[in-house]
Amino acid sequence: MSSSPQYIILKEGTGETKGREAQRNNIQAAKLISEIVRTSLGPRGMDKMLVDSLGDVTITNDGATMLKEIDVQHPAAKMLVEVSKATDNEVGDGTTSAVILAGALLEKAEELISKDVHPTVVVDGYMKALEKAQLVLESISEKVDPSSKADLLKIATTSMMTKLVSDDAPHLAQLVVDAVTQIAEKTDTGYKVDIDNVKVEKKAGASMVDTKLISGIALDKEVVHSAMPKKVEGAKIALINSPLEIEKTEFSAEIRINDPDQMQKFLDEENSILKGMVDKIEKAGANLIICQKGIDDVAQHYLARAGIMAVRRVKESDMSKLAKATGARIVTNLDDLSSKDLGQAKLAEERKIEEDKWVFIEGCKNPKAVTILVRGGSQRVVDEAERALHDAIMVTKDVVEMPSIVAGGGAPEVEVASQVRAWAQKLSGREQLAALRYAEAIETIATILAENAGMDPIDTQVDLRARHGKGEKWAGVDAMSGKVANMWNKGVVEPTAVKLQILKAATESACMILRIDDVIASSKSREPPGGAGGPGGMGGMGGMGGM
């Protein structure tokens, strides 16, 4: 009878898993996420078709896009989704590798934990191995000239070769390099690139080869009035942030008119105000106006008569890009508009693309904002091409800002693993086991590349280890020929910044998951079936019995 009383601390329906079971669950969930993206790594990787609840289809092999589209519920798996998202935002590429490496680190840690190595010891070993891996990566990397288009072209092409658009990689990579070098700004310490200044517009139809770079901006708007010129050479551009309309007063007012003549005078006054606005634009010497707000019909008429081309309701982001591309100043008050505020472009023209009319402003002198117009056979193709371009733009930016590169094809990973393995032998205690497992996990990248290329992963791993043992630091998996080769000589190169980010993001997330030994999941509060006052309200009594 003297049994100890039962205490209930957590809310009814709350689930709790502890110790080994909690760790096993978390590791399994993270490994499953890693398994999803595993087959899409490298130039021979497969694509995934993702169908959402509305039936919209996405076809991609971009790790970040895949995990974003999948509605992951498990909390530990969500952490890996965050890793891919952070890697995408930070360096643009390597999202699949980061998730695969995190999964491999957890798999190796699980082996140690099952042999009674404490998770904290594993975490300490991993963090020391990460420090060593970063030092090795920086020591084997090669410095490049950030203004060398040949090196940047290799970087962009390597990024594109793993995507759906690999057949057109040389053409698209050239556009990416031209775009990034045009918008790069020199600073005291090097170069700074704001990729927001590369506008990527996509339109299905035509072919991927028709994708082109515009030294200026393409606006998905049409000229407001049919009588306006559709083509202006030697464009002098006014960017106007205020409406060319009679603004309504903020307070309610009424005008009493007793005489028809007064009505006419009132309308004439409105017209003369609008004509005055157009006269100011004409006086400044503008022959193209881009307006962020609306343009009144009467103002359109006067602009057309003056031979001025006009576009209205342009997005604020496009206005700032136009200012950077053409050198114009955005004017809020028309009274301030002068010839000094106008931007320059060789050509402004309205063109029909498929069913829509777009305005192209091209040939800007030294533009600091440019547009890449992506074309492709279908909407799915242009969507994936846009993602591929984003990754290529990001990796090119990474090298311009941090001019250091390594070879691709898993070569740097195998070299880092080889050196970390040799260094780990000098560690004492159980941390040595964790550091050795860390080296094995890094090698997984090269093994999966070989697997996806249809090569034998074991033979490839043995061959790579032997070659790196002989000092061939750039020996990697050439997925195209299905052999181990010198990837540097093949021109397959990647930014060091991306590799460093993959190592950091994967290790930190794996360590965070390993530290968790207790998962407490609250139950979702459900509405009682009979409403608050109905019989369902009695459900709360269960807790009473437990007391």
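A few remarks follow.
- Helix 95-114 vs. the chain, principal-axis angle (Cα, 0 to 90°, nearest 10): 20
- Debye log10 I(q)/I(0) for the chain, one point scatterer per Cα, at q = 0.11 Å⁻¹: -1.00
- Projected label points at Glu111 and Asn241, each 7 Å from Cα along the beta carbon direction, are separated by 6.1 nanometres.
- Förster radius 30 Å - calculated FRET efficiency between Lys470 and Leu135, Cβ distance, rounded to 0.05: 0.85
- Summing Cβ point charges (Lys, Arg +1; Asp, Glu -1) relative to the Cα centre of region 44-172 gives a dipole of roughly 240 debye.
- Calculated FRET value between Lys186 and Glu270, using beta carbons and R₀ = 45 Å, to 0.05: 0.35
- Shape category assigned to region 217-366 from the gyration tensor of Cα positions, a/c cut at 1.5: prolate
- Cα long-axis angle, helix 411-424 against the chain (0 to 90 degrees, to the nearest 10): 40
- Separation of the Leu54 and Lys143 label points, Cα + 7 Å toward Cβ, nm: 5.1
- Label-point gap, in nm, between Met127 and Met480 - each point 7 angstrom along Cα→Cβ: 4.3
- Mean ellipticity per residue at 222 nm, deg cm²/dmol - from DSSP H runs of n ≥ 4 across the chain, formula -39500 (n - 2.57): -15500 deg cm²/dmol
- Computed from point charges on the beta carbon alone (+1 for Lys and Arg, -1 for Asp and Glu), the dipole magnitude for region 217-366 about its Cα centre is near 800 Debye.
Only the coordinates and a few stated rules stand behind these numbers; no lab work does. In this text, all values refer to a predicted model and were calculated from it rather than measured experimentally. Neighbour counts run over all protein chains shown; Cβ positions are idealised from the backbone, glycine included.
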